[in-house]
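Data block below; observations after.
The values are calculated or read from the model by the stated rules, or taken from the named source; none is laboratory data. Remember, it's a predicted structure, so these values are computed and weren't measured experimentally. As a convention, Cβ positions derive from the backbone with ideal geometry for all residues, glycine included, and neighbour counts pool all protein chains shown. Each accessible area value is taken on the protein alone, full model and side chains, heavy atoms only, with ligands, DNA and RNA left out. Shrake-Rupley method; radii C 1.70, N 1.55, O 1.52, S 1.80 Å.
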Amino acid sequence: EVNRWVDSPTDRVVRTSGICYVRSIRTIEMWLAMAGSSKKSAARLPVPERLLSNLWRKRAARRAWFRTSAGTRMRVLYPGRPSSAAGPDFRDALLEVEGVGLVQGDVEIHVRQRDWKSHGHGRDPRYNGVILHAALELDASSTELQSGHSVPIVSLAPLLYDDPGPDD
């Protein structure tokens, strides 16, 4: 069968065409074990955007620091409130950015940074309030908004391992 849900009291996994998608933060360890427990092999497994959004919501503020792809350190004080409306995934996030201070605005989550362009966000004024683009796979050092401004990009890969990050 193409789509099959496997439920238990603590796990929720969907299997589509023989590929297992984790639908719960609690099953990350099982998912990584299926990948051979290596960060390189896990990065090649398909990760649903919904899982990345859950990781951002639950783990981003617990991480000491992120580094943007341009090298700037930033810390998440509040990941933002999830949005169910059209527009960015998280609203009113609060970040502490090295050399800038506190920054408040929206956060957009993607599996691949290039999804920003393929989803048309760079042409959509609803995304002009985005202060951070977070993705599992990065292509460039920043993301271009419709307004012409650029926003930093951070990798979500450390959140897959619940790594608290560097304290430096």
Just to be sure I understand the model, the point goes 7 Å from the Cα along the line to the Cβ. What's the resulting Ala61 to Ser118 distance in nm? 3.2 nm
Obtain the nm distance between the two label points defined at Arg50 and Ala86 by a simple spin-label model: each point lies 7 Å from its Cα along the Cα-to-C-beta direction. 2.2 nm
Quote the FRET efficiency, to the nearest 0.05, computed for Val111 versus Ser150 with a Förster distance R0 of 30 Å and r equal to the Cβ-Cβ distance. 0.90
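Using the Cα gyration tensor of the range 48-168, with a ≥ b ≥ c the square roots of its eigenvalues, what is the shape: rounded (a/c below 1.5), prolate (a/b larger than b/c) or oblate (neither)?
In terms of gyration-tensor shape, rounded.
Enter the accessible area per residue of the range 94-155 (Å², integer; probe 1.4 Å; all protein chains in place).
48 Å²
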May I ask you to evaluate 6.51 cos²θ - 1.76 cosθ + 1.60, the Karplus curve with θ = phi - 60°, for each residue of the range 55-65 and list the ³J(HN,Hα) values in order in whole Hz, giving x for glycine and proline? 4, 4, 4, 8, 10, 4, 6, 7, 7, 4, 8
Given a 1.4 Å probe and heavy atoms of the protein chains only, how would you sort Glu137, Glu144, largest accessible area at the top? Glu144, Glu137
Cut-off under 5 Å, modelled amide H: who pairs with Glu137 long-range: Arg112, Gln113
Ignoring ligands, DNA and RNA, how do Trp65, Trp116 rank by accessible area with a 1.4 Å probe, largest first? Trp65, Trp116
Taking R0 as 25 Å and r as the Cβ-Cβ distance between Val103 and Tyr161, the FRET efficiency 1/(1 + (r/R0)^6), rounded to the nearest 0.05, comes to 0.45
If you rank Tyr127, Tyr161 by how much accessible surface each has, with a 1.4 Å probe, what is the order from largest down? Tyr161, Tyr127
